[in-house]
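Q: So that we are looking at the same thing, I have put the structure below in structure tokens.
The values are calculated or read from the model by the stated rules, or taken from the named source; none is laboratory data. What you see is a predicted model, and the numbers here were worked out from it, not measured in a lab. Here the Cβ positions follow ideal geometry from the backbone for every residue, glycine too, while neighbour counts run over all protein chains shown.
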Amino acid sequence: MAVDTGTEPHPAFIDLANLRQAGAGQPLPEGTCLYIQSGDPSDFDGYLAAAAGHAMAECTRQLTFAVVVPERRATSNRSEADLNAHDPEFSNQVMHTAGRLLQALCPSAFVVFGPLNQRNIIPQKFITHEPEKYAPVLGALRAASAGCVRWESVGSLARLVESKEVTSVMLDMLGAVGYLDSLAATCPSLGPKVKASGLPLAIMAGILAEAETTTLRMPGRDPRSTMNAIYHQPTMLLSLAQQHSLPLLFVTNNAANSILKFEDDKELVSGLGLQGTLKLIAECWYGPHLKGKYVPFDWVALVALLLVNRYPTMIRTERRQLWVGKADTSVLVLKLPGAADIEVARANLEGAVLWGEVDSVTHIDRSLLCHLARQLSERQAHC
């Protein structure tokens with residue numbers, strides 16, 4: 001696709017967020033569209049994406065926004081050796097923190113308590129959980145956002161999907177997608193309704209076949225696996241996409257790093273023009289381990305989804321083959337058709353089978369991403 005040269009005016013966020021905007025690509029069908037976001041409420045970019053989803057529902061006629069919060073395997077014991085250890089009581093504190101923040105940013109969203117992740121691969125000594133990290137943010141929230149979180153269940157989400165009023169569904173993979181296992185099993189209309197939206201599934205995962213893996217080396221982790229796919233293998237998502245010929249739009253770590261990397265929280269806050277709660281979250285989440293590599297991955301993926309069929313001159317993509325791990329579907333490798341047979345690619349493709357062809361994002365103008373985030377943050381701060 002052609003890419004923005006910088007001479008074309010950036011669209012306003014409210015126009016990009018309005019999925020029924022006249023003349024901006026394939027319109028949504030009449031009836032309610034349900035956007036189900038795979039939430040990533042541990043990192044700052046997950047909250048930025050959730051705030052955008054809420055704004056999309058406000059800007060788009062008959063759009064309902066739902067965000068599914070996966071329950072991470074969590075324990076307060078920093079010396080716990082078992083990577084998959086899980087303390088339900090402490091996990092409730094983690095989920096409550098995430099729920100409070102989401103209610104503050106997305107007051108009208110359908111916030112779903114998702115299933116427990118299949119696995120964790122990060123040693124507990126390296127994890128700082130939400131109750132500790134986001135305590136300053138919770139302290140600054142208005143009293144109206146205090147108290148119990150209004151959680152919905154995956155069953156309630158299924159009933160919403162199956163309702164006659166909902167004629168189309170948007171899905172993504174900005175976080176773990178374990179909820180799809182039960183949702184797809186109980187919602188025969190899910191695939192057809194996703195197809196009806198006319199939008200691709202934005203996938204924040206995958207690696208490029210020709211690139212050396214740069215993921216954090218951990219015992220039990222295939223270095224080709226990226227975070228969103230690790231916690232819960234995306235087997236059901238891939239099956240649903242294949243069964244209903246749903247287009248996939250990949251944003252790899254390689255792409256996001258080249259498109260929107262910041263040195264630290266000060267540069268990110270300034271570059272994205274963050275205010276209010278989003279600014280506090282970005283500052284609280286930042287740590288020394290992110291110096292020189294603070295990347296809002298989910299923001300890049302969500303903006304790519306909003307641009308690809310509607311503002312095609314502002315995004316560049318390429319067609320690639322998707323190869324999926326035969327024994328572990330968290331291995332998602334993107335190969336250029338006809339690419340040279342090199343050693344790195346052979347190693348990355350080992351044990352993987354060809355799934356089909358997908359689109360992979362290669363470029364979005366950095367100034368556009370910053371411009372849109374600034375307008376979203378201004379909108380949030382004045383709500």
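Q: Among the residues of region 235-261, which ones are part of a helix (DSSP H, G or I) and surrounded by fewer than 16 Cβ atoms within 10 Å (Cβ to Cβ)? Explain how you work it out, then say what you get.
A: Here is the first cut: in region 235-261, the residues part of a helix (DSSP H, G or I) are 235-244, 253-259.
SER239, GLN242, GLN243, HIS244, ASN257, SER258 - these are the residues of region 235-261 that are part of a helix (DSSP H, G or I) and surrounded by fewer than 16 Cβ atoms within 10 Å (Cβ to Cβ).
Q: So, one more: When you go through THR329, THR317, THR313 one by one, which is the residue that is modelled with pLDDT under 95 and β-branched (Val, Ile, Thr)?
A: Details: THR329 fails: modelled with pLDDT under 95; THR317 fails: modelled with pLDDT under 95.
Going through THR329, THR317, THR313 in turn, the sole match is THR313.
Q: Need the failing condition index for LEU201 against (1) under 13 Å from the mean Cα position of the chain (by Cα); (2) more than 30 Å from ALA340 (Cα to Cα), just the number.
A: Here LEU201 meets the rest and fails (2).
Q: Inside region 262-309, can you point out the residues that are more than 27 Å from GLN21 (Cβ to Cβ), buried (at least 21 other Cβ atoms within 10 Å of the Cβ) and within 18 Å of the chain's Cα centre (by Cα)?
A: Of everything in region 262-309, those that are more than 27 Å from GLN21 (Cβ to Cβ), buried (at least 21 other Cβ atoms within 10 Å of the Cβ) and within 18 Å of the chain's Cα centre (by Cα) turn out to be ILE281, ALA282, TRP285, TYR294.
Q: Taking only region 98-127 into account, find how many residues are polar (S, T, N, Q), more than 19 Å from the chain's Cα centre (by Cα) and either buried (at least 21 other Cβ atoms within 10 Å of the Cβ) or assigned to a helix (DSSP H, G or I) (or both).
A: 1
Q: Considering only residues that are among the aliphatic types (A, V, I, L, M), under 20 Å from GLY356 (Cβ atoms) and either surrounded by 12 or more Cβ atoms within 10 Å (Cβ to Cβ) or in contact with an Asp or Glu (Cβ under 6 Å, 6 or more places away or on another chain) (or both), which ones fall in region 310-340? It would help to see each step written out before you state the result.
A: Just the residues of region 310-340 that are among the aliphatic types (A, V, I, L, M), to begin with: 314-315, 322, 324, 327, 331-334, 336, 339-340.
Narrowing further to those that are under 20 Å from GLY356 (Cβ atoms): 322, 324, 327, 331-334, 336, 339.
Residues satisfying the conditions are LEU322, VAL324, VAL331, LEU332, VAL333, LEU334, LEU336, ALA339.
Q: For the subset of region 144-159 comprising residues that are over 15 Å from MET95 (Cβ atoms) and at pLDDT 90 or above, which member is surrounded by the most Cβ atoms within 10 Å (Cβ to Cβ)?
A: Ranking the qualifying residues of region 144-159, first place goes to LEU157.
Q: Let me ask something else about it. Among the residues of region 297-315 satisfying the criterion of being touching a strand residue (DSSP E or B) at 6+ places or on another chain (Cβ under 8 Å) and of a type outside the set (A, V, I, L, M), which is farthest from THR252 (Cα to Cα)?
A: Going residue by residue through region 297-315, those that are touching a strand residue (DSSP E or B) at 6+ places or on another chain (Cβ under 8 Å) are 297-298, 300-305, 307-308, 314-315.
With the extra rule that they be of a type outside the set (A, V, I, L, M), the set shrinks to 297-298.
Values: PHE297: 9, ASP298: 10 Å.
Among residues in region 297-315 that are touching a strand residue (DSSP E or B) at 6+ places or on another chain (Cβ under 8 Å) and of a type outside the set (A, V, I, L, M), the one farthest from THR252 (Cα to Cα) is ASP298.
Q: Filter region 172-198 down to the residues that are outside any helix (DSSP H, G or I), of a type in the set (A, V, I, L, M, F, W, C) and over 19 Å from the mean Cα position of the chain (by Cα) and list them by number. Write out each step before concluding.
A: Within region 172-198, the first condition is being outside any helix (DSSP H, G or I), and the residues that meet it are 172-178, 187-189, 198.
If we keep only those that are of a type in the set (A, V, I, L, M, F, W, C) too, we end up with 173-174, 176-177, 187.
CYS187 - this is the single residue of region 172-198 that is outside any helix (DSSP H, G or I), of a type in the set (A, V, I, L, M, F, W, C) and over 19 Å from the mean Cα position of the chain (by Cα).
Q: How many of the residues in region 48-75 are of a type outside the set (D, E, K, R) and under 18 Å from ILE127 (Cβ atoms)? Before the answer, list the steps.
A: Here is the first cut: in region 48-75, the ones of a type outside the set (D, E, K, R) are 48-57, 59-60, 62-70, 74-75.
When the remaining residues are screened for being under 18 Å from ILE127 (Cβ atoms), the result is 69-70, 74-75.
Count: 4.
Q: On to the next question. Out of the residues in region 341-357 that are surrounded by fewer than 20 Cβ atoms within 10 Å (Cβ to Cβ) and in contact (Cβ under 8 Å) with a residue 40 or more places away in the chain, state the one that is farthest from LEU238 (Cα to Cα). Don't jump to the end; show me each part of the working.
A: Within region 341-357, the subset surrounded by fewer than 20 Cβ atoms within 10 Å (Cβ to Cβ) is 341-347, 349-351, 353-357.
Filter once more, keeping what is in contact (Cβ under 8 Å) with a residue 40 or more places away in the chain: 342, 344-345, 349, 355-356.
Details: ILE342: 27, VAL344: 25, ALA345: 22, LEU349: 18, TRP355: 9, GLY356: 10 Å.
This residue is ILE342.
Q: Determine which member of the set PRO11, PRO41 is at pLDDT below 95, assigned to a loop (DSSP other than H, G, I, E, B), touching a Phe, Trp or Tyr at 6+ places or on another chain (Cβ under 8 Å) and within 15 Å of LEU307 (Cα to Cα). First the steps, then the outcome.
A: Details: PRO41 fails: within 15 Å of LEU307 (Cα to Cα).
None of the other options fit; the residue is PRO11.
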